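Data first, discussion second: the structure below is written as C-alpha cells.
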Amino acid sequence: YSIEALTLEVGELVADGCKEIWLTGQDAACYGFEFETNLARLVKELVQIEGDFMIRLGMGNPRHLLTYWEELVEALQHPKVFKFIHLPVQSGSSSVLEGMKRKHSVEDYLFLVQKMREAIPQLTISTDIIVGFPGEEEYDFLKTMKLVEDTRPSVVNRTRFVPREGTVAASMVDIPGKIKKDRSRRLTELFKTIVLENNQSWVGWEGKIIIDEFGKGENTMTGRNDFYKPVVIPGKYEFGTILHVKVHTADTFCLLADVI
C-alpha cells in the first residue's frame with residue numbers, strides 16, 4: 001500500500017471515530033522499501049491527519065530498523081504515536097541467532113534499545129524469545145536471561161521451539177522437552193519480576209487513557225496510556241472513550257487506576 005492510500009484510509013477511519021490506528025504486517029519495519037520509503041515516513045504523514053487518535057507500530061525486525069532508526073525515533077516522539085516498539089530479538093546468544101538464520105545480532109538489538117531509550121526513557125519495549133532452539137546450550141540460554149535482565153522489556157512473548165515441517169531446523173537434533181519447559185519457566189519467572197518492577201514506577205502517574213478492551217475483572221475496562229501500558233479502571237465505558245486517570249496500584253501485567 002502506498003503512503004497516499006494509507007493516509008486516505010486512516011483519514012476515513014479517524015473521521016468515523018476511530019481512536020487507535022495499528023500499523024501492522026508480517027514485518028512492519030520493512031514497509032515501503034520497494035518504493036524507497038519507510039515506516040517512519042509513513043507515520044510522519046499519518047500524524048498530520050486532523051483528529052484525536054493514536055498510532056501503534058507493529059512488529060519490526062531489528063535488521064530493518066537499523067537502516068532508519070533515527071527517523072523512527074523522531075516519529076515515536078510525536079504526541080499521536082504510542083511510545084511502544086516491538087523488537088523481536090529471539091535469543092541473547094549470537095550462535096543461536098546464526099543457527100536460526102536471523103540477520104541481526106545481539107549487538108544490533110542492544111544498539112536500538114539504547115538509542116531509543118536515550119530519546120524516550122520510559123519507552124515500552126516488547127520482544128520475542130524462542131527457548132530450546134536446536135543447539136542452544138545452557139550457557140546460550142543464560143545469555144538470553146542476561147539480555148532480558150539488562151534491557152528490562154515490559155513485554156516478552158515467550159515460545160518453546162517446535163519443529164516446523166519443511167524447515168532446516170526440523171532436521172536438527174531437538175532439545176528434550178523437559179529442558180525447554182525448564183528454560184521457559186525460568187525465563188517467565190525472571191520476566192514477571194522485571195515487569196512488576198517496571199510497573200511499580202508508574203504508581204502515582206496521572207494522564208489520559210483510551211478505552212480499548214473489556215477488563216478481566218467484573219465491571220472493569222482496560223485502556224492504554226501514551227506508552228501503551230494497560231490500565232484497568234472500574235466501571236463501563238464505550239470503546240474509544242478518552243479518560244483522565246491516576247494509577248494507584250501496579251500489578252504484574254497491568255496498572256490499576258481510578259478515573260479523576
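The values are calculated or read from the model by the stated rules, or taken from the named source; none is laboratory data. What you see is a predicted model; the values in this text were computed from it and never measured. As a convention, Cβ positions derive from the backbone with ideal geometry for all residues, glycine included, and neighbour counts pool all protein chains shown. Heavy atoms of the whole protein, side chains included, go into the accessibility calculation; ligands, DNA and RNA do not. Shrake-Rupley method; radii C 1.70, N 1.55, O 1.52, S 1.80 Å.
Given region 1-55, report the % of alpha carbon pairs whose separation exceeds 19 Å. In whole percent, the share of Cα-Cα pairs in region 1-55 beyond 19 Å is 24.
For Val81, the residues 5 or more places off, or on other chains, whose built amide H falls under 5 Å of its own are Ile55.
Considering only Tyr68, Tyr237, Tyr139, give the residue with the highest GNM mean-square fluctuation for the chain, with springs between Cα atoms whenever their separation is below 10 Å. Residue with maximal mean-square fluctuation among Tyr68, Tyr237, Tyr139: Tyr139.
Tell me the per residue accessible area of region 58-124 using a 1.4 Å probe; a whole number in Å² is fine. Intermediate results must be reported in sequence, preceding the final value.
Values: 2790 Å² over 67 residues.
On a per-residue basis, 42 Å².
Both numbers refer to the Cα atoms of the chain; Rg and Dmax are 19.6, 58 Å. If only the Cβ of Lys and Arg carry +1 and only the Cβ of Asp and Glu carry -1, the dipole of the chain around its Cα centre is close to 900 debye. Each Cα pair under 8 Å and six or more residues apart adds its separation to the average, and for region 38-117 the resulting relative contact order is 32 percent.
The dipole here belongs to region 91-147: it is taken about the Cα centre, uses +1 on the Cβ of Lys and Arg and -1 on the Cβ of Asp and Glu, and is about 240 debye. Please report, as a whole percent, how much of the solvent-accessible surface of region 101-210 comes from carbon and sulfur atoms (probe radius 1.4 Å). The nonpolar share, carbon plus sulfur, comes to 52 percent. Along the axis of the charge dipole computed for region 142-194 (Cβ charges of +1 for Lys and Arg, -1 for Asp and Glu, origin at the Cα centre), the listed residues Val155, Ile175, Phe191 are led at the positive end by Phe191.
At a Förster radius of 51 Å, what calculated FRET efficiency corresponds to the Cβ-Cβ distance of Glu206 and Asp174, to the nearest 0.05? The partial results should precede the final answer.
Details: r = 50 Å, r/R0 = 0.98.
Calculated transfer efficiency: 0.55.
Take the alpha carbon atoms of region 112-216, find their radius of gyration, then divide it by 2.2 N^0.38 Å using N residues; give the quotient. Numbers along the way, then the final one.
Values: Rg = 17.1 Å, N = 105, 2.2 N^0.38 = 12.9 Å.
For region 112-216, the normalised Cα radius of gyration comes out at 1.33.
Three principal axis extents describe the C-alpha atoms of region 1-150; from largest down they are 53, 32, 24 Å.
Derived from the Cα gyration tensor, the three semi-axes of the equivalent ellipsoid of region 68-121 are 26, 10, 9 Å, largest first.
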